[in-house]
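Written below as structure tokens is the structure these notes are about.
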Amino acid sequence: MASRLVRFIMCLIFLFVSITKVKSQQKVFNVKNFGAVADGKTDNSKAFLGVWNQACQYNGPGVVLIPEGTYLMNPVVFNGPCKGQIVFSIRGGLTAPTDRGSWGNTDHWINFNSVDNLEINGGGSFDGQGPSAWPFNNCKTNPQCKQLPISLRLDFVTNSWIHDIKLINSKGFHINVFKCRHTTLERIQITAPANSPNTDGIHVGLTTDLKILSSFISTGDDCVSIGPGAENIEIKGVACGPGHGISIGSLGKYPNEEDVKGLVISNCNLTGTQNGLRIKTWAPSHPSTVFNLTFENINLKDVSNPIIIDQQYCPQRGACAKEVNSC
Ligand SMILES: *[C@@H]1O[C@H](CO)[C@@H](O)[C@H](O)[C@H]1NC(C)=O
Ligand SMILES: *[C@@H]1O[C@H](CO)[C@@H](O)[C@H](O)[C@H]1NC(C)=O
């Protein structure tokens with residue numbers, strides 16, 4: 001009798017699980033069915049936003065599918081939270097505007113904000129059209145320079161997997177990871193010319209439990225830079241060069257910055273870079289702490305400064321307060 005009751009309950013549980021499974025079936029939202037035009041000329045930011053909102057409201061894995069083709073996108077923010085898992089599957093290429101009126105003073109091009117369980121995949125590309133903007137961002141010659149738009153900005157993104165995408169010629173940083181948790185960037189390919197200004201590959205700030213794996217970064221500034229408040233960061237299997245290497249910092253620019261701790265960098269190749277592994281603090285700087293760092297199996301080839309701890313960092317001549325050597 002008891003065992004029959006148990007079996008009946010098990011059956012009910014099974015039925016319930018099956019129904020839940022059916023309910024959360026993946027649904028594909030093809031941007032082409034929502035007015036996106038892959039001619040490289042039509043602005044698709046509104047069309048993509050419409051698709052994103054529908055996929056985000058869908059109660060299961062919602063897939064925003066971007067088929068082959070070139071999609072011009074003006075700056076856009078994809079906001080969460082979403083109802084279920086969300087996948088941004090980019091098979092084609094997104095291209096940024098080249099006219100200054102379209103990007104003006106924004107700090108981002110493509111921005112994902114407050115999204116949990118996000119996956120970005122598909123092998124496609126984000127072309128930031130940097131050459132149209134770099135003349136405005138040469139801080140060595142232009143004291144008025146300001147940060148140009150980040151190609152892929154991830155803010156408050158959690159439990160996510162960003163993989164198999166390419167970023168080309170960002171106007172500013174290629175990827176900025178800000179206040180994210182439990183997220184992996186994997187097989188990311190970043191390319192910009194060695195002389196492009198401030199085109200950092202991946203910048204990380206105020207983020208915990210991030211992995212950057214099996215990626216290739218060739219750029220005009222740091223391949224990876226780790227800012228204040230980075231904790232438990234693993235960088236493994238990254239090939240970097242040309243570029244300025246893998247940097248911690250610049251730190252100490254502002255008072256009360258959070259520490260950098262629990263950083264493990266392993267199996268990386270740095271080739272033809274200005275620096276290898278660097279820790280830099282501003283001159284002069286506010287106090288902050290970097291600790292528990294592990295560097296393991298790093299190959300350096302044709303690197304000008306293989307290991308450098310720079311406590312007098314000042315990228316712009318004359319822009320820093322009088323340097324004070326505290327050592
Ligand atoms: C680094 O170089 C070694 C030797 O050439 C190679 O076996 C390894 O795959 C490279 N790693 C990366 C991440 O490119
Ligand atoms: C050092 O960092 C590693 C990797 O993030 C972490 O597992 C370990 O607990 C940390 N150790 C201390 C003493 O904080």
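The values are calculated or read from the model by the stated rules, or taken from the named source; none is laboratory data. Not measured: the values here are computed from a predicted model. In this analysis, Cβ positions are derived from the backbone assuming ideal geometry, glycine residues included, and neighbour counts consider all displayed protein chains.
Some notes on this structure:
- Residue within segment 100-123 that is modelled with pLDDT of 95 or more and more than 24 Å from PHE178 (Cα to Cα) present: no
- Exactly one residue out of THR191, THR207, THR183 is more than 16 Å from ligand 1 (Cβ to nearest atom) and over 11 Å from ILE226 (Cα atoms): that is THR183.
- Filter result for ILE190 (in contact (Cβ under 8 Å) with a residue 40 or more places away in the chain and either crowded, with 24+ Cβ neighbours inside 10 Å or among the β-branched types (Val, Ile, Thr) (or both)): no
- Hey, LEU277 assigned to a strand (DSSP E or B) and touching a residue at least 40 places away in the same chain (Cβ under 8 Å) or not: no
- Just one of the numbered conditions (1) touching a Lys or Arg at 6+ places or on another chain (Cβ under 8 Å); (2) of a type in the set (S, T, N, Q); (3) crowded, with 23+ Cβ neighbours inside 10 Å is not true of THR184: (3).
- Within segment 235-274, considering residues that are within 16 Å of ligand 2 (Cβ to nearest atom) and in contact (Cβ under 8 Å) with a residue 40 or more places away in the chain, the one surrounded by the fewest Cβ atoms within 10 Å (Cβ to Cβ): GLU258
- If the condition is being within 14 Å of ligand 1 (Cβ to nearest atom) and in contact with a Gly (Cβ under 8 Å, 6 or more places away or on another chain), then segment 244-265 contributes only ILE246.
- Boolean, LYS253 is outside any strand (DSSP E or B) and either of a type in the set (D, E, K, R) or in the same structural domain as ASP107 (by TED's automatic domain parsing) (or both): yes
- Every residue from segment 158-175 that is of a type in the set (Ser, Thr, Tyr) and more than 23 Å from ASN117 (Cβ to Cβ): SER170
- Residues of segment 220-234 classified as assigned to a strand (DSSP E or B) and either away from ligand 1 (no atom under 15 Å from the Cβ) or surrounded by 24 or more Cβ atoms within 10 Å (Cβ to Cβ) (or both), total: 6
- Residue match in segment 203-221 (condition: out of contact with any Gly (no Cβ under 9 Å at 6 or more places or on another chain) and more than 16 Å from ligand 2 (Cβ to nearest atom)): yes
- Taking the conditions (1) modelled with pLDDT under 95; (2) part of a strand (DSSP E or B); (3) not acidic (Asp, Glu) in turn, VAL177 satisfies each one other than (1).
- Candidate set from segment 279-297 (those that are closer than 18 Å to ASN232 by Cα and either touching a Lys or Arg at 6+ places or on another chain (Cβ under 6 Å) or more than 15 Å from ligand 1 (Cβ to nearest atom) (or both)); member that is modelled with the lowest pLDDT: SER288
Conditions tested, residue by residue: (1) within 17 Å of the chain's Cα centre (by Cα); (2) more than 17 Å from LEU49 (Cα to Cα); (3) crowded, with 19+ Cβ neighbours inside 10 Å; (4) not acidic (Asp, Glu).
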| position | (1), (2), (3), (4) |
| --- | --- |
| LEU65 | no, no, yes, yes |
| ASN74 | no, no, no, yes |
| PHE78 | yes, no, yes, yes |
| ILE90 | yes, no, yes, yes |
| THR98 | no, yes, no, yes |
